[in-house]
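Reading through the structure tokens given below for one structure.
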Amino acid sequence: MKHIAIFASGNGSNTEAIIGYFKGHPSVNVALVVTNNPEAGVIKIAHSNKIISAIVSKNALNDPEILGRLIAALNIDMIVLAGFLQLIPAYLLERFPQRIINIHPALLPKYGGKGMYGIKVHEAVLSQGDAETGITIHFVNENYDEGEVILQKATTIDKSDTPETIALKVQVLEHEWFPRTIEKLLL
């Protein structure tokens with residue numbers, strides 16, 4: 001059995017999609033949800049699915065004795081970032097080479113980097129007049145949104161689109177492709 005830790009900071013629609021996809025899966029299990037936000041909706045999602053959750057401060061995230069021990073105890077094979085807004089510390093990158101992945105709500109390298117998340121990305125895409133946007137699933141390195149691309153999927157932008165309607169289109173791609181990509185990488 002392969003065990004996943006999901007790191008998320010927000011409401012958790014991708015976390016919920018990943019947990020749902022792997023519920024009852026014969027080879028993959030979501031074993032842990034980590035958040036840096038004590039108000040994050042992902043906590044409730046984890047609890048309702050009987051998955052261990054951990055709220056970590058920036059200091060705890062960066063301390064291999066705290067988070068590292070929990071990850072080791074749960075035999076985590078892959079870390080999945082699903083809207084996690086902190087930079088991943090070096091000890092995790094070293095411990096999980098090519099086994100930490102992220103999803104970004106745009107076609108990188110456009111609209112990536114520190115501070116580019118959620119609706120801010122969709123506002124930027126719209127303000128530039130792009131004809132399409134989409135998702136990028138990539139390996140995580142020491143910089144925001146600069147790791148090797150694993151998969152990109154696009155959707156068109158209509159003249160009537162708003163940042164909110166773009167977000168809905170992108171979310172459909174996220175929920176379809178993120179769990180499938182995780183499964184492909186693990187098996």
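Any read-out appearing in this document is the output of simple, stated calculations on the displayed coordinates, not a laboratory observation. Note that this is a predicted model, so its numbers are computed, not measured. Quick reminder, even Gly has a Cβ in these numbers, built from the backbone with ideal geometry, and neighbours come from all protein chains shown.
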> In segment 36-83, how does Rg compare with the Kirkwood Rh, expressed as the Rg/Rh ratio over alpha carbon atoms?
Replying inline: 0.95
> What number, rounded to the nearest 500 deg cm²/dmol, is the helix-based mean residue ellipticity at 222 nm of the chain, given -39500 (n - 2.57) per DSSP H run of at least four residues and division by all its residues?
Replying inline: -10500 deg cm²/dmol
> Counting only the backbone N, which residues of segment 149-163 are under 13 Å from the spot 7 Å out from the Cα of GLU176 toward its beta-carbon?
Replying inline: 152-156
>> Can you return the lysines within cross-link range of LYS159? Criterion is Cα-Cα under 26 Å, with same-chain partners fewer than 8 residues away left out.
In response: LYS110, LYS120, LYS169
> Between ASN11 and GLU65, what length in nm is gained on full extension when 0.36 nm per residue of separation is reduced by their alpha carbon distance?
Replying inline: 16.7 nm
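Using R₀ = 25 Å, calculate the FRET efficiency as 1/(1 + (r/R₀)^6) where r is the Cβ-Cβ separation of MET1 and GLU39; round to 0.05.
Numbers: r = 32 Å, r/R0 = 1.26.
Given R0 = 25 Å and the Cβ-Cβ separation, E is 0.20.
Projected area of segment 1-142, taken from the Cα convex hull and averaged over every viewing direction, in nm²? Intermediate values should be presented prior to the final figure.
Numbers: hull surface 34.6 nm².
Mean projected area for segment 1-142: 8.7 nm², to one decimal.
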>> Test of understanding: what is the full-extension gain from LYS110 to LEU187, defined as 0.36 nm times their sequence separation minus their Cα-Cα distance?
In response: 24.7 nm
> Within the chain, which DSSP H helices have Cα atoms that stretch 30 Å or more along the helix axis and a mean Kyte-Doolittle hydropathy of at least -0.5?
Replying inline: 163-186
> Between SER127 and ILE55, what is the label-to-label distance in nm when each label sits 7 Å out along the Cα-to-Cβ direction?
Replying inline: 3.3
> So which aspartates and glutamates pass the test for LYS50, namely a Cα distance under 16 Å, with those fewer than 8 places away in the same chain ruled out?
Replying inline: GLU16
>> For LYS2, give me every one of the aspartates and glutamates with a C-alpha distance below 12 angstrom, ignoring sequence neighbours fewer than eight places off in its own chain.
In response: ASP77, GLU183
> Once the piece of chain linking ILE119 and ASN75 is laid out straight, how much longer is it, given 0.36 nm per residue of separation minus the C-alpha distance between them?
Replying inline: 12.4 nm
> What ³J(HN,Hα) values, in whole Hz, does the Karplus curve 6.51 cos²θ - 1.76 cosθ + 1.60 give for segment 59-68 when θ = phi - 60°, with x put for Gly and Pro?
Replying inline: 5, 5, 4, 8, 9, x, 6, 7, 6, x
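How do GLU39, GLU16, GLU183 line up, fewest other C-beta atoms within 10 Å first?
Details: GLU39 10, GLU16 21, GLU183 17.
With the fewest neighbours first, GLU39, GLU16, GLU183 line up as GLU39, GLU183, GLU16.
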> Residue by residue, what Karplus-based ³J(HN,Hα) values in Hz, rounded to whole numbers, does segment 102-113 have, using 6.51, -1.76 and 1.60 with θ = phi - 60° and x for Gly and Pro?
Replying inline: 9, 10, 10, x, 7, 8, 4, x, 5, 6, x, x
>> Given Cβ point charges of +1 (Lys, Arg) and -1 (Asp, Glu) and nothing else, what value in debye, to the nearest 20, does the dipole of the chain about its Cα centre take?
In response: 460
